[in-house]
Every structure is written in C-alpha cells, then in structure tokens.
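Q: Take this structure first; my questions come after.
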Amino acid sequence: MSKLTSHIQIKNLDVYYGKSQALKNISIEIPRNQITVIMGPSGCGKTTLLKSMNRFLELNDQTRITGTVLVDGEDIYARDADVTEVRKTVGLLAQRPFPLPMSIYDNVAHGMHIHQMKSGRKKYDEAVEHYLKLAGLWDEVKDRLHEPAASLSIGQQQRLCLARGLAVEPEIILGDEPTSALDPISSQHIEKILLGLKNDYTIVIVSHILRQARRLADYVLFMYLGELIEAGPAHQVFEEPKMEQTRGYLSGQF
Amino acid sequence: MGMKKKWRKRHIIETLFKGIMFLSSSVVVFCLGYILWTIIIKGLPALSWEMISQVPQGGYYLGKEGGILNAIIGSLYLATGGTLLALLISLPIALYMETYMGTSRWGNLVRLALDVLWGIPSIVYGAFGFTIMLAIGMRASLLGGIIVLALLEIPIMVRAMDEVIRQMPKDLEQAALAIGSTKLEVALHVVIRQMLPGIVSAVLLAFGRGIGDAASVLFTAGYTDRIPTSLMSPTASLPLAIFFQLSTPFPEVQQRAYAAALVLTIIVLVISLGSRWLSSRLEKFVIK
C-alpha cells in the first residue's frame, strides 16, 4: 500500500454547537500510517475535528453535524453504520487518562470481551501481555496485573489506556492532547510509543505544543477559528508555511 | 507591630462559634453512647442463650420460658427479602436515571417522586400495603411484609445511589464508549463497578431502615410465635417484639424487650461494620 493513500476523508464538514458554528466547511484527507498533528490556538476546533472521526460529537445533544466522514471509503455517519464498530475501528486516547474501575488486566481485556474477540483464558492472557508490551507498560505491571488500575501513576494510566484502546484492534488512533496531563518523562514515553506504532496504525493527534508537533508530525493540519487554514507534509508546513495565519502561529504570535 | 494574639471581638466570636459547633456534634455522640448504655445495662442481664435460641413458650409474655428466635429469624427474613427486592427495583431506576435520563424533565419528575416517597411515614406504607392485601384477599404474611419493606426502602436506596452516580466522572463513561461499548455495557460494566462501594452503603442504609421499622410490618407481616415456614406465613419481627414486651406490666418481660433491642442493635452493627469493610476494599478500584 502506498504511503500516500488517504485513510480518512472528510468532505464539507460543518459542526454546530447550538447556534455557534465550531467547524466551517472542512474538507481534508488524512494519510494512512502516518502521524497527523492538528494544531491551532485554543478554541479553533481542533478537538471538534478530532471527535468528528469517532462520532464522539453526538454525545452532546446540542451538536448538529453535516457533511461526510469516510474511513476506508465507508461513511461513518451513514444510517446503517454501527457506532460501536466505528469506535472500535477508530480508537481514542483522551486528554486525561481514565482507566476503567477494574484491575489492570481487566482494563485491557474488557474491550476484547465486549466485542467477543477472544475465547479462553490463555488467549486473553496472551493478548493482555501483547498489548501491555505494545504500550510499554508490561515490565512495570506484570507482577500486579490484578491490582486496581487506579493504583497506577498517571503516566502509567495513560499507557494502560493506550493498551486498552489497542486491544480492540483499531486501525486509527486519535489522541486528544494525550500528553497534556502528564509529566515530561511520561510524555516522552507516550511520544516514543506513538512513533513506534505509526507503521501499523494511522495516528491523528491534537496538540497545542509546537515542539511536540515538530517531533511527531509527518503531516500537519493548521486550524484557526473553525476553519482549516493549511494542510501538508510536516516539513513543508513548518519550513515554508503558505498562509499568513500559519506563519503567525508558528512564530508565536497567537 | 506584634505577632502576639490579641483578644479582639472576631477572635471571641470564632471561639464562641467553635464551642457551639463542638457542643452540637457532641450531642450526636452522646446520644449514641447513651442509647447503647441503656440497652446494654437493661438488656444484657436478660440476654441468654435461651433468649436467642428458642421461640416463645406458653406464658412467655407473662415471664415464663422461651425466647425471641421467632422475631430474630422473622426480622432477618423480612429485611433481607425487602432489601433484595428493593435492590432489584432500585438499581435499574438509578442506572436509567444516570445513563439515559440525566436531568431531563422525566428524570427530575422521578427524583421528585422519590423524595416525596422518602418523606412518607412508614405507617402509611403499612396501611397502604394492608389495604391492597385486603383487596386481593392476602393475609398478613412474610411476603406482604417483604413487599411493603421494599416499597419503604426503594426511595432511600435510589436516592443514595443517585448521589453516588452523580459523582461519576463523565470522562469515565466516554473512556468506555471510546472502545465501542454500548450504553448498556457502560452501565453494567463500568458504572456499576465505579458505584459498587456506594451501592453497598445504599443497601446498608436501606437494610437498617427496613430491619428497624415496626409500623410497616405491623399489619402486613403480622406477628406470631412461630418461625415462618413459607412466604405466606405470618412473621414476627424484632421491633414488634420489643413493642409487645415493653407494653406488658411485668418487669422481667420489659427487661427482655431491652435484650431484644440489644440483639437488633448488634445485627445492625455487624452489618454496618461488615459493609464498611467491604466498601473500603471495593473503594480501591474506584477511579477518582
């Protein structure tokens, strides 16, 4: 598969919260197996755009959405689309880690269990180990798998949340400022893991930290006041931004 | 300058109010202590193995042999049955309020109804239950008592659970939704586990109210000297055992009333401490 094929296609997306418009006519293609970083000043619609991709916007009653979001060519807002399947395919790493109120082991196994993906204790054990290793947490928790997830440090919790998301075999991982609640070392840890995962997953991250965006991004979207201002390969956007607003943002004006 | 404390008006007022608050809170501790003291002093001499292992013999209420095993077993049956039935009805209500209703008008109406029901005196529940039992031709029985106790306990249980559920972080539900859970799966696997310590406390609160209530079981469960053998048999209870014995003119029978009160208190205490222990173990899994 060519590196340039797009995995998510968004066409003419408008999002309203009540009467105010949060996203204005967004059309963008997000490349497969790369890390795409959505940047922009706060309130510009970064998170709204991200959450349009796993149908999280509809958790708010006041939201109205028009336009299409295609994942692998399939419309995730289609009438016959199963929202649980959409969210299984498009995982989300939230801003603050929220493990489930159960053991470390069960946190990872829970998704596989509700989607009936495995059978037998041994299969589960193997899968839990695999995903905890993938999230770089295995060595720290292998002797305490049945302890409460709440007993982990916040950085460990975020990696557990990543393992929990990976366990339902998504194709896409969304990250909503996934390191903003973490200390610098835990943030580095998460960044390293994400870089390692991009060969197998399409990753889309919202970040307001410019340096983080530079470290992670293969592809960049810059948003401002609900509009998509500029999108392109990271080196191009960072080195030679085409638009005035992008230049302003990159030079720290807002 | 000077860092030494000067007795100004605001310091005097603070000391005064602190004193009032301390006195108010010591009333509570004093009451508990005094109640325990009274039932121990008056009840302990009459408490014997015979008392808790036998049903009343002929002439028991005149001071002859026997015990209150009928009331102990009866109360445990009634309160356990009522609490389980109430839990069965309360949990879906609480989950429904949390997961689907939120603060919608229907949700608030249900909350209002529960608050009003909470305030209704238990004798009214008893009378209400009795009227219905008469209408369907049912006699005073264990089942009747269980149903009325469940009605009495539901508002307490649901409101206690509702308080816990409202402290549920919204992000936690979203975390479960993000891996493709349905709302029902979120409710059953995540909300319930997060609430478990709260559910345990709610159940205890309701059980305590149920086992101690005399008025609601007076007409509906009746009273008997036998241990109930089926859901249709009339059933004795400790609160009524206390009431009947205390209203006799014989000092030794009155003393047995205090012994019965002591037994009732011990049951509540054991359940209360047990659930605290359980709740603190479950608390470890709760996501803050």
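No value in this document is a laboratory result; all are computed from the given coordinates. From a predicted model like this one, the values you see are computed outputs, not experimental measurements. For neighbour counting, all protein chains shown are included, and Cβ atoms are generated from backbone atoms with ideal geometry for every residue, glycine included.
Q: How many of the residues making up region B:242-288 are in contact (Cβ under 8 Å) with a residue 60 or more places away in the chain, aromatic (F, W, Y) and farther than 30 Å from B:G198 by Cα?
A: So the count comes out to 3.
Q: Restricting the first residue to region B:163-187 and requiring it to be in contact (Cβ under 8 Å) with a residue 60 or more places away in the chain, which pairs with a second residue that is outside any loop (DSSP other than H, G, I, E, B) and surrounded by fewer than 14 Cβ atoms within 10 Å (Cβ to Cβ) meet a Cβ separation below 6 Å and a spacing of at least six or different chains?
A: none
Q: Residues being more than 7 Å from chain A (Cβ to nearest Cβ) and either outside any helix (DSSP H, G or I) or under 27 Å from B:L238 (Cα atoms) (or both): count how many of those fall in region B:174-216.
A: Residues that pass the stated criteria total 18.
Q: Being within 14 Å of another protein chain (Cβ to nearest Cβ), more than 30 Å from A:Q157 (Cα to Cα) and without any contact (Cβ under 8 Å) to a residue 24 or more places away in the chain: is that true of B:G107 here? Outline the logic, then answer.
A: Values: within 14 Å of another protein chain (Cβ to nearest Cβ): yes; more than 30 Å from A:Q157 (Cα to Cα): yes; without any contact (Cβ under 8 Å) to a residue 24 or more places away in the chain: yes.
Answer is yes for this residue.
Q: Let me ask something else. Any idea which of B:P45, B:P56 is out of contact with any Cys (no Cβ under 9 Å at 6 or more places or on another chain) and under 25 Å from B:S230 (Cα atoms)?
A: Unique residue meeting the criteria: B:P56.
Q: Please determine whether any residue of region A:109-116 is outside any helix (DSSP H, G or I) and either touching a Cys at 6+ places or on another chain (Cβ under 6 Å) or among the charged types (D, E, K, R) (or both). Lay out the reasoning, then the answer.
A: Of region A:109-116, the ones outside any helix (DSSP H, G or I) are A:115-116.
So of that shortlist, the ones also either touching a Cys at 6+ places or on another chain (Cβ under 6 Å) or among the charged types (D, E, K, R) (or both) come out as none.
No; the residues of region A:109-116 include none that is outside any helix (DSSP H, G or I) and either touching a Cys at 6+ places or on another chain (Cβ under 6 Å) or among the charged types (D, E, K, R) (or both).
Q: Pick from region A:148-177 the residues that are of a type in the set (S, T, N, Q) and surrounded by 24 or more Cβ atoms within 10 Å (Cβ to Cβ): which of them is nearest to the other protein chains (Cβ to nearest Cβ)?
A: First, the residues of region A:148-177 that are of a type in the set (S, T, N, Q): A:151, A:153, A:156-158.
Now narrow it down to the ones that are surrounded by 24 or more Cβ atoms within 10 Å (Cβ to Cβ): A:157-158.
Values: A:Q157: 9, A:Q158: 11 Å.
Among those that are of a type in the set (S, T, N, Q) and surrounded by 24 or more Cβ atoms within 10 Å (Cβ to Cβ), it is A:Q157.
Q: Same structure, new question: Considering only residues that are over 19 Å from the mean Cα position of the chain (by Cα), small (G, A, S) and in a helix (DSSP H, G or I), which ones fall in region B:233-261?
A: B:A257, B:A259
Q: Take the residues in region A:75-107 that are among the hydrophobic types (A, V, I, L, M, F, W, C) and under 16 Å from A:Q156 (Cβ atoms); name whichever of them is nearest to the other protein chains (Cβ to nearest Cβ).
A: If we filter region A:75-107 for residues that are among the hydrophobic types (A, V, I, L, M, F, W, C), which is where we start, we get A:76, A:78, A:81, A:83, A:86, A:90, A:92-94, A:98, A:100, A:102, A:104.
The next check asks that each one be under 16 Å from A:Q156 (Cβ atoms); those that pass are A:93-94, A:98, A:100, A:102, A:104.
On the way: A:L93: 8, A:A94: 6, A:F98: 4, A:L100: 6, A:M102: 6, A:I104: 11 Å.
The extreme case among them is A:F98.
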